Amino acid sequence: MYCNQPPKKPGDKKEVLQKITNMARANSLWVTAYGTGCGSIELRPLGTSRFDMERFGIAMRPTPRQADVLIISGYLATKTLKRVIRVYEQIQDPKYIMALGSCTINGGMYFDSYNTLNVLDKYLPVDVYVMGCMPRPEAIIDGFSLLMKKIKEGRAVGWKHYRENLDYYRENQKQIIKNWDLPDYNW
Amino acid sequence: MIDKVKKELEIRFPLLKLVREQHNYLHIKVDKAAAADAVLTAKTSLGFTTLQLISAVDRIENGAFQLTWILENYDEQEILLISAYFPRKNCVVPSLSQIWPAASAFERELFEMFGISFPGNPREGEDFLLEGWKDMPPMRRDFETEEYARRTFGERQPREHTDPRQYIGDVVGEWNTPMGRNREEEK
Amino acid sequence: MLSNIMSILLTVVTALVWGLLLGGISRNVTAKIHGRVGPRVTQNFIDLWKLFRKTSSIHHGGMFWMAPLFRITGAIAVLLMVPVVVGHNINYNMSFAGDIFLLLYIMFFGCLGMALGAGNSGHPYSVVAISRGLAQMSSYELSFSIAVVAVAVGLHTLRIEGIVAAQQAGVSSWNIFRFPFASAGALIAFLPMQMAYPFSIVLAPQEIPIGPPTEYSSRFLSFMFSGRALFSVAKLLLFVNLFFGGASSWMALFVKTFLLYMYAIVVSSVFPRFRTEQSIKFLWLVPTTLALVDLVRVML
Ligand code: SF4
């Protein structure tokens, strides 16, 4: 069951409250446990005692309903993109996307593949890119701290951007997903 | 042991060519009309009951697809490869999905990736990996992968400089992403 | 009237803060056992506030909305029925003869509401988790009830206040020493109540990723979190009152509940998980037998 009205634009809340909320959001990032490419191998050590992401308040959530961050961990096949869009739209606002690896930036070593997209930003609003092929856990933690900084300053607004420019993103998505069967809104 | 298999096959298919032979490995090439017969013989009277893979190679210079059925005799630890050349144009190959249900998946994949049709496979034409693919089958060697990728996924922007400062935005660590660019254009 | 409301508020707020803090401490202890640094102690408050401020646009029917409230209501009801600090009337306490039986029922009220709500969400993982949870609940409830009945029969009282009052004559009069078998049974049943590890078949992160709350998000989840914090404090209080002599001061209360909570955490972080049928078999056999031993001993 879903509502097919686009949700109302969030109004400006009181400054102080917004600041506290932003601090809370930055310090409690929950990640959807969803891996798309090679990069998700490097996500696993983040939870172990060596890198321990829990000390920043980052935790893995098994369901998109409860997550804040979607990590696109590498090359994305068009078939996977459909699932990723599904997952992204099920995450409740505010939500952020972090993209790992050169594959998401410009196609990386799969730039001439028939089935992996090249520039992720055309299809989903990416808040933070982490470069590398593949990025080491340290680099991912660095990406997280950048994301935290952006959230605290209120600049991580990819989700608003997606909502406002939905037509642009939908058009791009439909261009490469041949058998489009997603509902046009499924927030 | 493999000698016995070879002799048996030579009696039944006098026209076969030997490609390679090792102590428990035999690769033969038969005429396309005899291919299905040879595979069936190997299964029913020689004990090669496991179908490991059906593979196809695009021999574009011969105008043919080389299909190889890889069979295994698990009790004797023997592997038998039976190859045959089929003309590339409107390639039709007898289906084995009635004998090995597992063959159905391989045949669907070959149909999708090479356009080889297997009449008799009840699930032929169902989506296997590519959802809603309309172009030429992508594993054919006359398929222009790079051109296709450029056409579908957009131009990859190559670097003209190697100075990272060119590609990193004003804020250190923040990439000059298409999303950012869109936003600047709006302003 | 006003003072009653004030004292109810005081109890609930204290319990909530203490429950969330305990959660943060337990995450830290688990991390230390894993050799990690662990999150901040206040992490649970941050999570709660973040969840509260997330938007929510999921609707699965009325029961889905009600379930977190059921959970909180059940927790508060339990909290108000057990004496928080003995001989202190700052905390509201609706005590009456026979309240122990009402309590045994109402402790599972929240879980039942939760089961209905999560079932309404229609997610297969929730449904699997709920069928497991109800099966397990019926098995640990049995041993816990027998233990409580043994204590009540032994002390000739059906009031929790009476049970607490009977334990005020020094450490040796605590029920854990007077009814060692029943206490052992109840303490084993305490682990599945806290969803601690050998019995954590409801949340089972490896197979049904998170269990009942799979579909819950943002504000619902924050309510559910606070409900869980309240409920675990209520259970801790109940156990302290039933078996550990109650708490005569705030300090004693915090120390006792903390130690009891740590017991569940430490056991939880060193054990793997039972399969469903193993867990149920264990709970039907071991703690129930232990509790029955004391019940029979008291009756004879
Ligand atoms: S960037 Fe490298 S490591 Fe990451 S998905 Fe692409 S090829 Fe794999």
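The values are calculated or read from the model by the stated rules, or taken from the named source; none is laboratory data. Owing to the predicted nature of the structure, the values given are computational and were not obtained by experimental measurement. Methodologically, a virtual Cβ is constructed for each residue, glycine included, from the backbone with ideal geometry; neighbour enumeration extends over all protein chains shown. In case anyone asks, the SASA skips ligands and DNA or RNA and just uses the protein heavy atoms, side chains included. Shrake-Rupley method; radii C 1.70, N 1.55, O 1.52, S 1.80 Å.
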Legend entry - Breaking point among (1) within 24 Å of B:THR145 (Cβ to Cβ); (2) open to solvent by less than 10 Å² (accessible area, probe 1.4 Å), for A:LYS95: (1)
Inset, instruction - Collect the residues in the stretch A:35-58 that are assigned to a loop (DSSP other than H, G, I, E, B), within 14 Å of the ligand (Cβ to nearest atom) and in contact (Cβ under 8 Å) with a residue 40 or more places away in the chain, keeping them in residue-number order. - result: A:THR36, A:GLY37
Legend entry - Unmet criterion (only one of (1) within 16 Å of the ligand (Cβ to nearest atom); (2) out of contact with any Ser or Thr (no Cβ under 9 Å at 6 or more places or on another chain); (3) outside any helix (DSSP H, G or I)) for A:SER28: (1)
Inset, instruction - Go through the stretch C:184-214 and give me each residue that's assigned to a helix (DSSP H, G or I) and within 14 Å of another protein chain (Cβ to nearest Cβ). - result: C:PRO212, C:PRO213, C:THR214
Inset, instruction - Sort through B:GLU147, B:GLU107 and tell me the only one that's within 14 Å of chain A (Cβ to nearest Cβ), of a type outside the set (Phe, Trp, Tyr) and outside any loop (DSSP other than H, G, I, E, B). - result: B:GLU147
Legend entry - All positions within the stretch A:106-115 that are open to solvent by less than 20 Å² (accessible area, probe 1.4 Å) and more than 7 Å from chain B (Cβ to nearest Cβ): A:GLY108
Legend entry - Residue that is nearest to A:GLN66 (Cα to Cα) [pool: residues in the stretch A:11-42 that are crowded, with 21+ Cβ neighbours inside 10 Å and aliphatic (A, V, I, L, M)]: A:VAL31
Inset, instruction - Tell me, please, whether a residue that is within 12 Å of chain B (Cβ to nearest Cβ) and within 16 Å of the ligand (Cβ to nearest atom) can be found in the stretch A:82-89. - result: no
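Here's the yes/no breakdown for (1) surrounded by 13 or more Cβ atoms within 10 Å (Cβ to Cβ); (2) assigned to a strand (DSSP E or B):
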| residue | (1), (2) |
| --- | --- |
| B:LEU15 | no, no |
| B:LEU18 | no, yes |
| B:ALA35 | yes, no |
| B:PHE48 | yes, no |
| B:LEU53 | yes, yes |
| B:VAL57 | yes, yes |
| B:PHE65 | yes, yes |
| B:ILE70 | yes, yes |
Inset, instruction - Confirm whether C:ILE188 is in contact (Cβ under 8 Å) with a residue 12 or more places away in the chain, open to solvent by 20 Å² or more (accessible area, probe 1.4 Å), among the β-branched types (Val, Ile, Thr) and in contact with a helix residue (DSSP H, G or I) (Cβ under 6 Å, 6 or more places away or on another chain). - result: yes
Legend entry - Test for A:ARG86: is it closer than 26 Å to C:ILE208 by Cβ, open to solvent by 40 Å² or more (accessible area, probe 1.4 Å) and modelled with pLDDT under 90: yes
Inset, instruction - Among what's in the stretch A:146-174 and is among the small types (Gly, Ala, Ser) and either within 16 Å of the ligand (Cβ to nearest atom) or more than 9 Å from chain B (Cβ to nearest Cβ) (or both), pick the residue that is most open to solvent (accessible area, probe 1.4 Å). - result: A:GLY154
Legend entry - Residues satisfying the stated conditions in the stretch A:59-76, i.e. on the phi < 0 side of the Ramachandran plot, open to solvent by less than 20 Å² (accessible area, probe 1.4 Å) and either among the aromatic types (Phe, Trp, Tyr) or within 16 Å of the ligand (Cβ to nearest atom) (or both): A:LEU70, A:ILE71, A:ILE72, A:SER73, A:LEU76
Legend entry - Inter-residue pairs, beta-carbon under 7 Å, first surrounded by fewer than 14 Cβ atoms within 10 Å (Cβ to Cβ) and in the stretch B:132-156, second not aromatic (Phe, Trp, Tyr), 6+ apart: B:GLY132/A:LYS178; B:GLY132/A:ASN179; B:LYS134/A:LYS178; B:ARG141/B:ASP58; B:ARG141/B:ILE60; B:ASP142/B:ILE60; B:GLU146/A:ASP112
Inset, instruction - Name the single residue, out of those in the stretch C:198-209 being buried (at least 19 other Cβ atoms within 10 Å of the Cβ) and touching a Phe, Trp or Tyr at 6+ places or on another chain (Cβ under 7 Å), that is farthest from C:TRP284 (Cα to Cα). - result: C:ILE208
Legend entry - Subset of the stretch A:116-132 that is facing chain B (nearest Cβ under 7 Å) and not charged (D, E, K, R) - its residue that is surrounded by the fewest Cβ atoms within 10 Å (Cβ to Cβ): A:VAL119
Legend entry - Candidate set from the stretch B:20-33 (those that are more than 22 Å from the chain's Cα centre (by Cα) and assigned to a loop (DSSP other than H, G, I, E, B)); member that is nearest to B:VAL92 (Cα to Cα): B:ASN24
Legend entry - Subset tally (residues that are more than 9 Å from chain A (Cβ to nearest Cβ) and open to solvent by 10 Å² or more (accessible area, probe 1.4 Å)) for the stretch C:215-228: 6
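Of the residues A:ILE177, A:ILE140, only one is more than 16 Å from the ligand (Cβ to nearest atom) and touching a Gly at 6+ places or on another chain (Cβ under 9 Å); which?
Of the residues listed, the single one that is more than 16 Å from the ligand (Cβ to nearest atom) and touching a Gly at 6+ places or on another chain (Cβ under 9 Å) is A:ILE177.
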Inset, instruction - Looking at (1) open to solvent by 10 Å² or more (accessible area, probe 1.4 Å); (2) touching a residue at least 24 places away in the same chain (Cβ under 8 Å), find the lone condition where C:GLY246 falls short. - result: (1)
Inset, instruction - Return the total of residues in the stretch C:158-177 being open to solvent by less than 30 Å² (accessible area, probe 1.4 Å) and without any contact (Cβ under 8 Å) to a residue 40 or more places away in the chain. - result: 1
Inset, instruction - For A:CYS103, state whether it is in contact (Cβ under 8 Å) with a residue 60 or more places away in the chain, of a type outside the set (D, E, K, R) and away from chain C (no Cβ under 14 Å). - result: yes
Legend entry - Residue satisfying condition, being open to solvent by 70 Å² or more (accessible area, probe 1.4 Å) and either assigned to a helix (DSSP H, G or I) or at pLDDT 85 or above (or both), within set C:LEU259, C:LEU253, C:LEU290: C:LEU259
